[in-house]
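Every number here is computed from the coordinates shown, using simple stated rules; none is lab data. In this text the structure is predicted, and so the values were computed from the model without any measurement. Cβ sites come from the backbone with ideal geometry, for glycine too, and all protein chains shown count toward neighbours.
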Amino acid sequence: MRTVPAEAITAALRDLCITINHRMSADMLAALERAHAAEESEIGRTVLARLLENARVAREEWFPICQDTGTAVVFMDLGQDVHVTGGDIQSAIDEGVRRGYREGYLRASVVRAPLDRQNTGDNTPAIVYTRIVPGDRVTLSVLAKGAGCDNMSRLAMLTPADGRDGVVDFVTRTIAEAGPNPSPPLVVGVGLGGTFEQAALLAKRALLRPVGAPSPDPGAAALEAELLRHINDLGIGPGGFGGRITALAVHVEQHPTHIASLPVAVNLDCHSHRAGQVVL
Amino acid sequence: MNPTALKTPLAPADIERLHAGDEVLLSGVIYTARDAAHERLVRMIASGDPLPVDLSGEIIYYCGPTPARPGRPIGSAGPTTASRMDPYAPALLEHGVRGMIGKGRRSAAVKDAIRRFGAVYFAAVEGTAALLGRCVRSAEIVAFPDLGAEAIHRLVVERFPVVVANDCHGGDVYDEGRAKFRR
């Protein structure tokens, strides 16, 4: 049994919230560079060049990459041989988010009750998903999830008869209907299978994968390539002003499902995609 | 294409000359307002109350900026999704607002109001929020301070880059751009 103080979780999350909101990840920068090289639309290339310039200014001058610094979605893989001491885990996570958003001059974007809409003032509570895993490590992944793209995400309970074509059609239609609103070019997370809520969680978790890294499953990787082709044929383009690059990558995560079901969830992330990970 | 430099508030002739897809650099005063501020403004208009700030002829920017670091007027300041303001925009255009800055498509009712009142809807790129924040010379909260990031800020901007999304002639950059590249 290894001991990890709750304070270590807080400190790590504080730093991670600040880092991902100011420093665009290498995989995301590379994806934007590739898009800039491939884009045929003049205004599309202008938008992509500005996104790269924005990333440089954010990093060098300490401006957040985007003013929507997101809901802090925390994925925790907690080793079963870890004993967290000196506080409860949810509070430790919330305190890390609170410090990160306050001390990092990040926007408080969370309201207490969905209908009363009082801002909590410190971007807490975090959204937390925990898995108990073998080992004595704590892996914390954070997604600073913007709302504009989350709002355009969709879930469908398809039938087995809908099959692969039904999945391709639903995912492509979701992006077509979202149009310019989710701030393309997008990172598209697709959750396939499981149950109603599991599909949505798979779609969100798919966003944690390095941008453009194909699924290790050959079938899923082929589906990702097909979906990307269909999405980039839509013509929506960078900023939605028209162009070839509407998505930078499609990541598909699958799970066994019921004989009667074919759940598919599409979670969109914008051209300011911010994700990061730390292992304690 | 070279961007057109314009001073705010925009003259009717400036708006008339703009077409969907034109790149524009705005300099002068613009006002931020997003969901919660719109709800209040339109409620005040409906009940005949005076608005806390005179918006006639002005441009509203759908933006909730990040907090300013010490020594700066503002943090990052990109646009939010404009369609959430669609239920309120026609009433504000009727009240005299002449420009809006946001991202994403507008409803048929808003596009119709843009034509009727000779207004313009500009798109900015959300992922350039740091660059947009750097264009802000000064910022002060002029209404609804209790709303935090959603308060109405009076911004003075310099060469703030936008694209004409919906012009007063019925042009729509999103429809036109997509049609060109759809396969």
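Summary table below
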item	result
Residues of segment A:87-114 classified as assigned to a helix (DSSP H, G or I) and over 18 Å from B:Ala68 (Cα atoms), total	9
Segment A:90-109: number of residues that are under 18 Å from the mean Cα position of the chain (by Cα) and away from chain B (no Cβ under 11 Å)	1
Filtered residues of segment B:1-22 (kept if surrounded by fewer than 16 Cβ atoms within 10 Å (Cβ to Cβ), touching a residue at least 40 places away in the same chain (Cβ under 8 Å) and within 25 Å of A:Ile43 (Cα to Cα))	B:Pro3, B:Ala5, B:Glu16, B:His19
Answer from B:Val142, B:Val164, B:Val125 - the residue that is touching a Leu at 6+ places or on another chain (Cβ under 6 Å) and touching a residue at least 40 places away in the same chain (Cβ under 8 Å)	B:Val164
Cβ-Cβ under 9 Å pairs, at least 6 apart or on other chains, segment B:93-115 side more than 16 Å from B:Ile30 (Cα to Cα) and away from chain A (no Cβ under 14 Å), far side assigned to a helix (DSSP H, G or I) and charged (D, E, K, R)	B:Glu94/B:Arg116; B:Ala113/B:Glu94
Of all residues making up segment A:229-251, the number that are part of a helix (DSSP H, G or I) and either over 20 Å from the mean Cα position of the chain (by Cα) or surrounded by fewer than 18 Cβ atoms within 10 Å (Cβ to Cβ) (or both)	2
Residues of segment A:36-54 classified as under 30 Å from B:Pro70 (Cα atoms), of a type outside the set (D, E, K, R) and at the interface with chain B (Cβ under 8 Å from one of its Cβ atoms), total	3
Candidate set: segment A:240-265, residues that are among the polar types (S, T, N, Q) and away from chain B (no Cβ under 14 Å); chosen: the one nearest to A:Thr46 (Cα to Cα)	A:Gln254
Which listed residue, of B:Leu155, B:Leu147, is in contact with a Ser or Thr (Cβ under 7 Å, 6 or more places away or on another chain), of a type outside the set (Gly, Ala, Ser) and more than 7 Å from chain A (Cβ to nearest Cβ)	B:Leu155
Residue ID - surrounded by the fewest Cβ atoms within 10 Å (Cβ to Cβ), chosen from residues in segment B:98-138 that are of a type in the set (S, T, N, Q) and not in a helix (DSSP H, G or I)	B:Ser138
Residue, farthest from the chain's Cα centre (by Cα), within segment A:32-54, restricted to residues that are surrounded by fewer than 23 Cβ atoms within 10 Å (Cβ to Cβ) and small (Gly, Ala, Ser)	A:Ser41
Residue match in segment A:70-88 (condition: within 14 Å of chain B (Cβ to nearest Cβ) and of a type in the set (D, E, K, R))	no
Wholly enclosed strands (runs of 3 or more DSSP E) of segment A:123-181 bearing at least 3 residues surrounded by fewer than 16 Cβ atoms within 10 Å (Cβ to Cβ)	A:127-133
Where A:Arg117 falls short, out of the listed (1) more than 22 Å from the chain's Cα centre (by Cα); (2) on the phi > 0 side of the Ramachandran plot; (3) in a loop (DSSP other than H, G, I, E, B); (4) touching a residue at least 12 places away in the same chain (Cβ under 8 Å)	(4)
Residues being part of a helix (DSSP H, G or I) and closer than 21 Å to B:Val142 by Cα - total across segment B:1-45	11
A:Ala200 vs. criteria in contact with a Leu (Cβ under 6 Å, 6 or more places away or on another chain), hydrophobic (A, V, I, L, M, F, W, C), over 30 Å from B:His19 (Cβ atoms) and not in a strand (DSSP E or B)	yes
Of all residues making up segment A:146-164, the number that are farther than 13 Å from A:Asp68 by Cα and either of a type in the set (Asp, Glu) or touching a Lys or Arg at 6+ places or on another chain (Cβ under 8 Å) (or both)	1
